[in-house]
Amino acid sequence: MNRQIAGMLVGLSLFSGCGSESQPASQQAVKPENTAKTIAQTTTEKKRETSSEESLPHQKPNLTASAPAQAKVDDTSLQKAEEFFLRGLEFQKQGKLAESTQELTMAIKLNPQVSRYYFHRGSAWADLKQDASAIVDLTKAIEMDPKNAQYYYTRALFFMTRGGAELAVKDFTKAIECKPDSLQALNNRGLLFATTGKLKQARADFERVLEIKPDSIDAMNNLGFALMNLNETDKALEVLNRVLQLNPKYLNAYDNRGLVWQRRKEYDKAIADFTKAIELSPNSLKFYRQRMTVYQLAEQPEKQKADEEKIIWLQKLAGLNERLAKTPDDTELILERAQFYLASEMREKAMKDYAKIVELTQDTGRGYYIRGALYLEENKLDRCIQECSRAIKIQPQPEAYSVRGDAFMKQGDVEHALRDFERAKRIDEIVAKAYLMRSKSYKEQGEHKKAAQDYERAVAIDPSLGPGKLDKEKTAGKPVIRPIQ
């Protein structure tokens, strides 16, 4: 099973309380039995407990146990096919799925009588979202080796992630028939039973897992949820308490136990458990929503409102992250998220985004003066000047001069500020103020002509600084743009 399929399943939230998008992989109720890495490693591992030698990629295929009678494949083709197959597995391990399918296709062309070739190609097609091709190959593998539990299990996971619960249940059942102690097949079938309201069947599957592996906290957690929905809340609490004794950081056990407390109208305990879940997964909308509901039931409107506001905040962040997932190198979006973090007093995360912008704009230096603008706002003037100078060294841009000019202005260095403003071709009230300040300095030094020129420039930009009207023939009217030295 490839790691991409594994990722989809680990992130699958089947129903409230069992499995969550925020649950660590080791605690998920829905888990595959293999990942791309373990598939690739099957070339060097010992034979696993499967019903067919076909699961051993390093062995020569058993032609008599595979497909119906076909033309005999010569030894050279057998060897080359296996070489293509092993390269295909290596590509899967590296996440190069398109290349993997090409290698596996060559293996199948040379030797179409080996079920695992179809199985691994089908898994790669599934991860590439080529569902039609995936189902054809996975089904072909099952037809060739109908007693292979792993094949049924993998196709069941495929159906499960595509909304085919009924088909998935059938395949999980076949996998269990082939391998009665298949913990994951039992656990996942139990989850599907639970989603369709077949709680007694779900309970039976989870209890069967615990008979085989008494310390399976995933199965305990799921059993606790099933017991709650069967209104056996005392037993549910007993099971969930055991889960948290074994693993105090098991996220969904707090969630499930919180739901049990809520059902029993013990709201303070429910709030405590949902709060613990939030501590373990601070960005989970689900847990905030559930705590907000309990605050409402407990008639605590202020805390309910606080959770409502947090949910809105998380939704905005989720929207930004979703857009960035589609265009991860969009510097404007990254800047928007950085500013969102700053507004939320999350400076460390904001600075990571600013660093990302710097990394993406090394050719223009834009990221440096954008970060410089942040330092200016925080009154870290030396840092601001340093960042803008880096940007200017890469590529002189008006924006960098403008921001650096503001930093010089705040430091009282009017001369350097005006030089940068002139290079930025900037005209506004701050520039006018800079000319006025330098005018006063010239006047104090006795340089009255220069003082008059700067005064006239200041008033030309901002008339509120001087007489209502100047003699246009005797004034520069606007700043002088000096050549960059």
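Here, each number is a calculation from the coordinates, and none is a lab measurement. Note that the structure is predicted; figures quoted are calculated from it, not measured.
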In Hz, Karplus ³J(HN,Hα) per residue of the range 160-166 (6.51, -1.76, 1.60; θ = phi - 60°; x = Gly, Pro): 4, 7, 10, x, x, 4, 5
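In nm, what is the difference between 0.36 nm times the number of residues separating ALA132 and LEU314 and their Cα-Cα distance? Working shown, then result.
Working: separation 182, 0.36 × 182 = 65.52 nm, distance 3.62 nm.
Result: 61.9 nm gained on full extension.
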Computed lengthening from LYS96 to LEU285, 0.36 nm per intervening residue step minus Cα-Cα distance: 64.7 nm
Across LYS80/LYS109; LYS235/LYS269; LYS140/LYS198; LYS249/LYS349, pairs whose alpha-carbon gap is larger than 22 Å: LYS140/LYS198; LYS249/LYS349
Centroid-to-centroid separation of the range 197-238 and the range 87-142 [C-alpha atoms, Å]: 36
Sequence-distant aspartates and glutamates (8 or more away, or on other chains) whose Cα lies within less than 15 Å of LYS276: ASP255, ASP268, ASP307
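Does the range 179-254 come out rounded, prolate or oblate by the C-alpha gyration tensor, with a ≥ b ≥ c the root eigenvalues, rounded set by a/c under 1.5 and, if not, prolate when a/b is larger than b/c and oblate if not?
On the way: a/c = 1.87, a/b = 1.18, b/c = 1.58.
Oblate, since a/c reaches 1.5 and b/c is not below a/b.
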